[in-house]
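Engineer: I'd like to ask you about the structure that follows.
The values are calculated or read from the model by the stated rules, or taken from the named source; none is laboratory data. These figures come from a predicted structure and were not determined experimentally. Please note: Cβ atoms are built from the backbone with ideal geometry, for glycine as well, and neighbour counts cover all protein chains shown.
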Amino acid sequence: MPHHEIDVYIITVYAGLKNGTADMSSVEDVVHKIATVNNDALVIIESTVIPGCCRMLSEKYKIGIAHCPHRYWAGDPVHYGVKQIRVLGATDEKTLDQAIEFYQSLDIPIHVVSNVEVAELAKIVENAYRYLNITFSELIRMLCERMNINFWELRQAVKLPEARKGIGGSCLPKDTNYLLNLLRKMNISSELIKTSIDTDEAYKKWILTRKIIE
């Protein structure tokens, strides 16, 4: 399909870490290419990006950008699949209105926020919060074993998250590091986040010393 016939572009490329800091180059590369061939289309970034990224790209390439962070959990696609509620923000009102209409046409529920920076930070905070919850469970599991207390019974009693082999995948560790870097950049104490990262590393080493059937 010719680019001038495309109404909506959705960007879902991976934005990761480079030398320990956020790397938005893959997202910028796609925005640059879209702006070059079709700057009248609606551009939606679903990749997780750091606050300020969408507005910087919008101003640099003279194109409106909406941000609707991707949310999906393969473990329960019925309740946490494509049509779970999504946070949506944009760099300007026109783009926001277009994005709202687009997601409503797909019957995807949205939570609209006042500016794109809120949407950008929302996914990072959500994943980092989940990371903290899991590392707390990991800490308590190690404590329970030392005290000869059944962790799984305790977990059911107080509704703790799972603590199995440590936090894997890419999203939770990456986004927690995004938050760590943001706190440091803003000269705000990041010890809570750093300690949770250290806890997960310690837990993974602890798991390797145990003969535990998960």
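Engineer: Considering only residues that are outside any helix (DSSP H, G or I) and under 28 Å from the mean Cα position of the chain (by Cα), which ones fall in the stretch 142-159?
Structural biologist: K159
Engineer: Report every pair of residues separated by at least 6 positions or lying on different chains whose Cβ atoms are under 6 Å apart, first residue within the stretch 101-129 and touching a residue at least 24 places away in the same chain (Cβ under 8 Å), second polar (S, T, N, Q).
Structural biologist: Once the first residue is touching a residue at least 24 places away in the same chain (Cβ under 8 Å) and sits in the stretch 101-129, its partners that are polar (S, T, N, Q) give V116/T91; K123/T48; A128/T176.
Engineer: Kindly indicate the residue of the stretch 14-46 that is modelled with pLDDT under 95 and assigned to a loop (DSSP other than H, G, I, E, B) and also surrounded by the fewest Cβ atoms within 10 Å (Cβ to Cβ) among those meeting that condition.
Structural biologist: N19
Engineer: Suppose we filter the stretch 176-196 for residues that are within 17 Å of S137 (Cβ to Cβ) and free of Cβ contacts under 8 Å to residues at least 24 places away in the same chain; how many remain?
Structural biologist: Looking only at that region, the number is 1.
Engineer: For the stretch 157-170, indicate whether the set of residues that are buried (at least 17 other Cβ atoms within 10 Å of the Cβ), under 22 Å from V125 (Cβ atoms), not assigned by TED's automatic domain parsing to the domain that holds K18 and not small (G, A, S) is non-empty. Explain how you work it out, then say what you get.
Structural biologist: So in the stretch 157-170, the residues buried (at least 17 other Cβ atoms within 10 Å of the Cβ) come out as 160, 163, 166-167.
Subsequent filtering for residues that are under 22 Å from V125 (Cβ atoms) retains 160, 163, 166-167.
If we keep only those that are not assigned by TED's automatic domain parsing to the domain that holds K18 as well, we get 160, 163, 166-167.
Next, only the ones that are not small (G, A, S) stay: 160, 167.
There is at least one residue in the stretch 157-170 that is buried (at least 17 other Cβ atoms within 10 Å of the Cβ), under 22 Å from V125 (Cβ atoms), not assigned by TED's automatic domain parsing to the domain that holds K18 and not small (G, A, S).
Engineer: If a residue has to be of a type in the set (G, A, S) and either assigned to a helix (DSSP H, G or I) or modelled with pLDDT under 95 (or both) to count, how many in the stretch 50-106 make the cut?
Structural biologist: So the answer is 6.
Engineer: Could you list all residues from the stretch 28-54 that are within 18 Å of the chain's Cα centre (by Cα) and either in contact (Cβ under 8 Å) with a residue 40 or more places away in the chain or over 17 Å from K123 (Cα atoms) (or both)? Show your work before the answer.
Structural biologist: Restricting attention to the stretch 28-54, the residues satisfying the condition of being within 18 Å of the chain's Cα centre (by Cα) are 28, 44-54.
Within the stretch 28-54, E28, I44, T48, V49, I50, P51, G52, C53, C54 meet the criteria.
Engineer: On to the next question. May I ask you to list the residues in the stretch 198-214 that are surrounded by fewer than 18 Cβ atoms within 10 Å (Cβ to Cβ) and of a type outside the set (D, E, K, R)?
Structural biologist: A202, W206, I207, L208, T209, I212, I213
Engineer: Here's a follow-up. Looking only at the stretch 133-141, decide whether some residue is outside the structural domain of C68 (by TED's automatic domain parsing) and not in a helix (DSSP H, G or I).
Structural biologist: We begin by selecting, within the stretch 133-141, every residue outside the structural domain of C68 (by TED's automatic domain parsing); these are 133-141.
Still in the running and not in a helix (DSSP H, G or I): none.
No, the stretch 133-141 has no match at all.
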